[in-house]
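Undergrad: Here it is: the structure, laid out below.
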């Protein structure tokens, strides 16, 4: 999902200095004598919080605590990863919902997490006030804030979000010291994928089923999602076929309401970001062109939750998407 926000003007509170001797102890495993601060950021807090280890990030190697206790996440994928791995962040950016967080996440898992501003425009003072020992985000969201964030706590950025969600999850797990939990999450997902494929009649029948993904977005054209998207990777894992216009290595293909015939398929899933009327959902789904689509005529067009299918991005979201795919694609 594309979000654009102007960076909020903030002032980062001065942070206490760390004595040189303690700094060398904390960074013993990562060349303490290095004069570069851009690659490692703020040294990981040690002492009662245990040792440290280094992870390779989009901004270079970063030293993080072995067992971070106060984690701040700055996007929805990072929040999904943390929840999947059994970590409750102390702070997270708001997804713009009434609760601040995406509704598919268990309420008891997000209760008490502090709001630290908007995605791509975090409130740096609010982040610093939480005294985090680890910050997770991506370069595409917070590359411009990296230097400021790194002065608050070790900051781990993936390159981007969306399609590379599995690799991003592994980096999140490494930073959180939760690689064993990550392996279990991946294995559970793979088993779930295999179950859905089997429910569809096996790999051959799944591949023959052309599934169309349509997203109505307020202030933008209608988007048909391709293989280089989060939801596209989930469909490919199940082995589902895609209409030719969507079977491309792109995030999405934009179409106008008059081109909605390009969304045709054996089954169709559609969601809306923003107001349905402003996003053209109301106009399109009431049109004769929409009603002539194969999936619509056969009763195989399903309206789904945009938060879950497009905004979530992670193994917790994917598990729920797989459940819905199996239910809707096997319904008679």
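Undergrad: For the range 285-295, state whether one or more residues are farther than 17 Å from residue 306 by Cα and in contact (Cβ under 8 Å) with a residue 40 or more places away in the chain. Break it down stepwise before answering.
TA: Keep residues of the range 285-295 that are farther than 17 Å from residue 306 by Cα, which gives 286-295.
Then keep just the ones that are in contact (Cβ under 8 Å) with a residue 40 or more places away in the chain; that gives 295.
There is at least one residue in the range 285-295 that is farther than 17 Å from residue 306 by Cα and in contact (Cβ under 8 Å) with a residue 40 or more places away in the chain.
Undergrad: Would you point out which residue out of 241, 226, 232 is in the same structural domain as residue 297 (by TED's automatic domain parsing) and over 19 Å from the mean Cα position of the chain (by Cα)?
TA: Checking each option against the conditions leaves just 241.
Undergrad: Pairs needed: first member in the range 143-167, surrounded by fewer than 19 Cβ atoms within 10 Å (Cβ to Cβ); second member anywhere, at pLDDT 95 or above; C-beta distance under 7 Å; at least 6 residues apart or different chains.
TA: 143/157; 148/124; 159/58; 159/138; 159/139; 160/138; 160/139; 160/140
Undergrad: Given (1) buried (at least 17 other Cβ atoms within 10 Å of the Cβ); (2) closer than 13 Å to residue 73 by Cα, identify the lone condition not met by residue 114.
TA: (1) is the only condition that residue 114 fails.
Undergrad: Being farther than 18 Å from residue 299 by Cβ, in a strand (DSSP E or B) and in contact with a helix residue (DSSP H, G or I) (Cβ under 6 Å, 6 or more places away or on another chain) is the filter here, so list the residues in the range 251-270 that pass it.
TA: If the condition is that a residue be farther than 18 Å from residue 299 by Cβ, in a strand (DSSP E or B) and in contact with a helix residue (DSSP H, G or I) (Cβ under 6 Å, 6 or more places away or on another chain), then 255 is the only one that fits.
Undergrad: Of the numbered conditions (1) more than 27 Å from residue 201 (Cβ to Cβ); (2) out of contact with any strand residue (DSSP E or B) (no Cβ under 7 Å at 6 or more places or on another chain); (3) surrounded by fewer than 21 Cβ atoms within 10 Å (Cβ to Cβ), residue 244 satisfies every one except a single condition; which is it?
TA: Looking at each condition in turn, residue 244 falls short on (1).
Undergrad: On to the next question. Tell me which residues, restricted to the range 301-327, are surrounded by fewer than 16 Cβ atoms within 10 Å (Cβ to Cβ) and in contact with a strand residue (DSSP E or B) (Cβ under 7 Å, 6 or more places away or on another chain).
TA: Answer for the range 301-327, where residues must be surrounded by fewer than 16 Cβ atoms within 10 Å (Cβ to Cβ) and in contact with a strand residue (DSSP E or B) (Cβ under 7 Å, 6 or more places away or on another chain): just 303.
The values are calculated or read from the model by the stated rules, or taken from the named source; none is laboratory data. Quick caveat: nothing in here was measured; it's all calculated off a predicted structure. Here the Cβ is made from the backbone with ideal geometry for all residues, glycine too, and neighbour counts use every protein chain on show.
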